[in-house]
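Trainee: One structure is given below, represented as structure tokens, and several questions about it will come after.
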Amino acid sequence: DPFLRNVIFNKLGIMNNYETVLILNPVLSEDQVKESIDKFKNLLSSFKAELVSSELWGLKKMKYLIQNKKTGFYILCEFKSKPDIIASLEVELTRDERIMRFLTVKLDQHAIEYADKRRNKKQVKAK
């Protein structure tokens, strides 16, 4: 039972790994994009979630229109949190008019390993 599992996880304080991809409105300035990222980071900290990493992928062309826009700023954020805060987090993301679309997924062990490898490759390239 997923509900019972969440209750047990919350009692034990177990945190899951999650990944959220945000698509921001393309008409935003660079400063507004950074503000949106900071707002998301503050939102996570207010929910006592631990940010693992965040990457700004930049302005990307989309396969189909979202809110009559062909492009959007893509942001990938990985974080650890308790399972019960995800619904509240997504409500806050829905209220932000700068965010056109978002998707939050729970990472399994293989996805966590892959994300670590991807992050390490990016760090090596940056050096």
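The values are calculated or read from the model by the stated rules, or taken from the named source; none is laboratory data. These numbers come from a predicted model, not from an experiment. A quick note on method: Cβ atoms are made from the backbone with ideal geometry, for glycine too, and the neighbour counts reach across all protein chains shown. Side chains are part of the model used for accessible areas, which takes the heavy atoms of the whole protein and leaves out ligands, DNA and RNA. Shrake-Rupley method; radii C 1.70, N 1.55, O 1.52, S 1.80 Å.
Trainee: What do you reckon, is Glu97 part of a helix (DSSP H, G or I) and either at negative phi or open to solvent by 60 Å² or more (accessible area, probe 1.4 Å) (or both)?
Mentor: Numbers: part of a helix (DSSP H, G or I): no; either at negative phi or open to solvent by 60 Å² or more (accessible area, probe 1.4 Å) (or both): yes.
No; evaluated as a whole, the condition is false for this residue.
Trainee: Can Ile85 be described as farther than 19 Å from Leu28 by Cβ and of a type outside the set (D, E, K, R)? Can you show your working first?
Mentor: On the way: farther than 19 Å from Leu28 by Cβ: yes; of a type outside the set (D, E, K, R): yes.
In short, yes.
Trainee: So which residues in region 54-70 are surrounded by fewer than 15 Cβ atoms within 10 Å (Cβ to Cβ) and hydroxyl-bearing (Ser, Thr, Tyr)?
Mentor: Tyr64
Trainee: Go over the candidates Leu51, Leu76 one by one and state the one that is among the aliphatic types (A, V, I, L, M) and either assigned to a helix (DSSP H, G or I) or open to solvent by 40 Å² or more (accessible area, probe 1.4 Å) (or both).
Mentor: Details: Leu76 fails: either assigned to a helix (DSSP H, G or I) or open to solvent by 40 Å² or more (accessible area, probe 1.4 Å) (or both).
Going through Leu51, Leu76 in turn, the sole match is Leu51.
Trainee: Moving to a separate point now. Within region 107-124, how many residues are open to solvent by 100 Å² or more (accessible area, probe 1.4 Å) and in contact (Cβ under 8 Å) with a residue 12 or more places away in the chain?
Mentor: 1
Trainee: Which count do you get for residues in region 10-40 that are open to solvent by 50 Å² or more (accessible area, probe 1.4 Å) and either of a type in the set (Val, Ile, Thr) or touching a residue at least 24 places away in the same chain (Cβ under 8 Å) (or both)? Steps first, please.
Mentor: So the first thing to find is which residues in region 10-40 are open to solvent by 50 Å² or more (accessible area, probe 1.4 Å), and the list is 11-12, 14-15, 27, 29-32, 34-35, 38-39.
Filter once more, so that each one left must be either of a type in the set (Val, Ile, Thr) or touching a residue at least 24 places away in the same chain (Cβ under 8 Å) (or both): 14-15, 27, 32, 39.
Qualifying residue count for the region: 5.
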